[in-house]
Structures are given as C-alpha cells and as structure tokens.
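Comments concern the structure below.
Here, each number is a calculation from the coordinates, and none is a lab measurement. These numbers come from a predicted model, not from an experiment. All Cβ positions, even for glycine, are placed from backbone atoms using ideal geometry, and neighbour counts span all protein chains on display.
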Amino acid sequence: MNKRIFVLSLLIILNASYGCRSKEATQSKVESEKVDSLIKVMVINDVTIIVKFGYDAVAAIKTSKGLVLIDAGISTLLTERYKKIIINHFGLKNFCYVINSHGHHDHIRGNSLFPQAQIIGHEYCQKDVSYGWTNTDSMLVKINRIVCDYDQKLKHSLPNTAEWEDSFTQKIRYMGSYQDLKNNIHFRLPDIKFSDSLTLECGNTTFEMIYFGEFHSNSDILIYVPEIQVLYIGDLFTKYGRPSIGSSSITDDNRWIHAIKWTNKRINDIRTIIDGHGQILTIDDLRRFNDNIFINKQIHKN
C-alpha cells in the first residue's frame, strides 16, 4: 500500500474512533471569537508585555531600536494574532530580533512571521528541531491524536470552566501546529547562533544570554535584561523551583553550575522572572531551583 494512502487511512480511522472532525477544517466564527477572548495581555512594565493563550506565550520588549520578542509561539495561526496585539500596544511595527529560549517547536514555530527580524538562539536549536520532526506523516498522526484527545476532554467538561478553557486552548494550539505542518511551513532557525554566551546591544537595551546546557532541551538559554531587571528562564523550571528536566543525562551538570553562578551574580538586581509559558516566578523559585541543581550535582558526584 502507498505510504501516503496508509497514513490518510490511519487519520480517518483515528478521527472516527475519537469522534472529532478533521483538523484540516478552519476555525468556525464562534471558535475564532473564543480564541480572541482567551488571549491575555500581561503588562510587566512600561516597555514589556506578555501575550498569552493558555500555555502559549510570547514576550515583547520595546527598545529604542525597535521590538524584541522572546519566543514566537507554537503556530503561525496564533502568533499572527499576537503580532497584531503587540503592534497595537506599542504602536510599532519594527521587529528587530526574536530570541528563542530553546528550540522546541512550541517556542519557535512563529519565527517565520518576522521576516525582517534576526532570530537568535543557541547553536543546538537545530538538534531540537531535527529530533522527531523529520517524519512529517508520523508527526501529523501524532498531533492529530493530541487534538482529538483534547476534543474529547472538551465534550466532558462544563463550558467556560477552568478545565474546559485548558482543554480548548490546548486543542487550538495543536490544531495550529497541525496546520503549519500540513501546509509545509518550515521552522525558521536562528540566524545568530552562539555556543556559550552572547551579549546583544539593541539601542538602549541590553540582552545578556548564556547557554544553560542540555536540560529541558538541547538548547536552553537564560536571558537577562538589566535595564528592566527581567530574567527569562524558558522552560528550565516552574513554580517552587521544580526543574523541568528532559530525558537528557546529567553530564552537563558542570555547565549548569556555571550558568547558576552567572545568575547569582545578578540575583540582587533581578525584579521579575518569566518562564517560557508566561508564568511570573519569584526570586525564591530561582533560589530553590539553584539549590536543586547543586543537590543533584552532589548526588551525581557521590
């Protein structure tokens, strides 16, 4: 049997078994309006906002040279909406840079919507994109299954409750990811890559970046902006300093310690910590994460 025919048949079977419509269909007007109503704008300070939709988040910083984004979202469908919101908020259309906190697809898919901006990220972003995304047909089936799972959860949730909104936003996020993959929208990888650290001067604003080492992904970086005293930590940890370690080994622990010492030099000047999904964390969360890494290294050493 032809491979394409086999995959199409499998998708039909999956749709039938899960009872959800084809993910190739466009959003209904009602669904689209609900998406707009659930996109939130968090104002961090005079020059910084976070645009969120469920677990999707894009941060925007206004500099004297133009706009800088931290991450670009899971799909062009959603990031196109974020882009309009950011332009309206700041009254600017000049996007200078997009900095990717790491190379996972839910942080970089929207890169392609900023053709005039330079993309910045660690040199291992390519490794994160290559892993698991080389077989388009297989990924289409996988993402379709995720969408169907959330569709089923929606049917068993009370409308407009927290549980319903969580399932709805996740379904929309992965529908967008499915569409981008189906439409052959390629990942745009960093134009400016670094291996250890990088300092970017963008007009009146400085972006200090350091590679954390393989942890949540192959390409995790920390981004500190001293003028606004904000630290972006990507998906390295969550509330209470819980590490978001991936499947990698702990062979990069010396690099982790080096990056932690880098943050500790700045810790008294950090006012706001933002993770890769738009959650605002505290200095205590950062300290607990640092302690967890030191304990992990000590256990590994013993």
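One table, with the values for the structure above:
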{"quantity": "Sorted by Cβ density within 10 Å, fewest first, the residues Glu214, Glu208, Glu201", "calculated": "Glu201, Glu208, Glu214"}
{"quantity": "C-alpha long axis of helix 283-301 to longest principal axis of the chain, angle in °", "calculated": "90"}
{"quantity": "Relative exposure of Phe168, Phe215, Phe90, judged by other C-beta atoms within 10 Å (fewest first)", "calculated": "Phe90, Phe168, Phe215"}
{"quantity": "Given charges at beta-carbon only (K, R positive; D, E negative), |dipole| of the range 115-205 in Debye", "calculated": "360"}
{"quantity": "Expected 222 nm ellipticity per residue - DSSP helices of 4 or more, -39500 (n - 2.57), all of the chain, to 500", "calculated": "-13000 deg cm²/dmol"}
{"quantity": "Listed residues Lys239, Lys29, Lys84, most fluctuating in the chain (Gaussian network, C-alpha, under 10 Å)", "calculated": "Lys29"}
{"quantity": "Cross-link reach list, aspartates and glutamates versus Lys40, counting only Cα pairs under 18 Å and skipping chain neighbours closer than eight places", "calculated": "Glu31, Asp56, Asp71, Glu80, Asp106, Glu163, Glu165, Asp166, Asp275"}
{"quantity": "GNM flexibility winner over the chain from Tyr240, Tyr82, Tyr211 (Cα, springs under 10 Å)", "calculated": "Tyr240"}
{"quantity": "Relative exposure of Ile273, Ile223, judged by other C-beta atoms within 10 Å (fewest first)", "calculated": "Ile273, Ile223"}
{"quantity": "Among Ile228, Ser130, Tyr174 - extreme Cα towards positive end, dipole of the range 105-249, charges at beta-carbon", "calculated": "Tyr174"}
{"quantity": "Relative contact order (percent, whole number), the range 171-279, Cα cutoff 8 Å, 6+ residue spacing", "calculated": "21"}
{"quantity": "Peptide ranges 128-134, 40-46 listed from the most packed, as the mean C-beta count within 10 angstrom indicates", "calculated": "128-134, 40-46"}
{"quantity": "Rg followed by Dmax, in Å, when the chain is reduced to its Cα trace", "calculated": "19.8, 63"}
{"quantity": "Farthest toward positive dipole pole in the chain [+1 Lys/Arg, -1 Asp/Glu at C-beta], among Leu281, Asn184, Ser37", "calculated": "Asn184"}
{"quantity": "Rounded, prolate or oblate (a/c below 1.5 giving rounded, otherwise prolate when a/b exceeds b/c) for the range 61-185 by Cα gyration tensor", "calculated": "oblate"}
{"quantity": "FRET efficiency estimate (nearest 0.05) - Cβ-Cβ, Tyr240 to Gln116, R0 41 angstrom", "calculated": "0.55"}
{"quantity": "Relative contact order (%) - criterion: Cα under 8 Å, at least six apart; region: the chain", "calculated": "16"}
{"quantity": "Net charge dipole size for the chain [Lys, Arg +1 and Asp, Glu -1 on Cβ; Debye, nearest 20]", "calculated": "460"}
{"quantity": "Inter-part distance where the range 156-218 and the range 33-106 are each reduced to a Cα centre, Å", "calculated": "11"}
{"quantity": "Reach of Lys182 by Cα under 18 Å, taken over lysines that are not fewer than 8 positions away in the same chain", "calculated": "Lys3, Lys23, Lys142, Lys171"}
{"quantity": "The chain: angle of helix 253-264 to the longest principal axis, Cα-based, in degrees nearest 10", "calculated": "70"}
{"quantity": "Candidates Pro243, Pro159, Pro115, ranked by Gaussian network fluctuation over the chain, Cα under 10 Å, top entry", "calculated": "Pro159"}
